[in-house]
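The values are calculated or read from the model by the stated rules, or taken from the named source; none is laboratory data. These numbers come from a predicted model, not from an experiment. Here the Cβ positions follow ideal geometry from the backbone for every residue, glycine too, while neighbour counts run over all protein chains shown.
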Amino acid sequence: MRAEPWTDYAWVDRDAGPVVRPYAMTGGRVVPASDRFDVVAMVVANRAALSGVGYGLQPEHRAILAYAREPLAVAELASHLDLALGVVRVLLGDLLGQGLIELYQPQATGGLPSESVLKAVINGLRAL
């Protein structure tokens, strides 16, 4: 049996597929169409996605929609899919652009802590 001609190169072997795959999944894009995807933002598939709309989606898009039947954080989704967070954000941007997901951002914090809290922290640090 003759070896494949490309097996002489160290960067091409059975394990090389996953290294190249994220680039192929995103079409070379590294920035999502929308930069609204905070790590803790909640994503959920909407009725259009659950009714089967979205013909021609990549397998990764379909996997996202399958996991997002219930609200799920962007970071948790990336973990379930075993994909980099940046890749998941790009794929979520595609789905948001097609109207297949809903995005719920976390509430903004109330701002800076009060002066009394800062003084208490400083006094506590000095006591150490």
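Taking each residue of region 49-74 that is modelled with pLDDT of 75 or more and looking for partners that are surrounded by 15 or more Cβ atoms within 10 Å (Cβ to Cβ) and polar (S, T, N, Q) with beta-carbon atoms closer than 7 Å, six or more apart or interchain, yields nothing. For region 88-111, the count of residues that are among the polar types (S, T, N, Q) and within 16 Å of the chain's Cα centre (by Cα) is nonzero.
Matching residues to (1) exposed (fewer than 11 other Cβ atoms within 10 Å of the Cβ); (2) modelled with pLDDT of 85 or more; (3) out of contact with any Cys (no Cβ under 6 Å at 6 or more places or on another chain):
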residue	(1), (2), (3)
88	no, yes, yes
91	no, yes, yes
96	no, yes, yes
109	yes, no, yes
117	yes, yes, yes
125	yes, yes, yes
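Once region 75-86 is narrowed to residues that are touching a residue at least 40 places away in the same chain (Cβ under 8 Å) and surrounded by 15 or more Cβ atoms within 10 Å (Cβ to Cβ), the residue that is farthest from residue 28 (Cα to Cα) is 83. Look at region 31-43: where a residue is modelled with pLDDT of 85 or more and a partner is of a type in the set (Ser, Thr, Tyr), sitting 6+ places away or on another chain with Cβ atoms under 9 Å, you get 41/104; 42/104; 43/67; 43/104.
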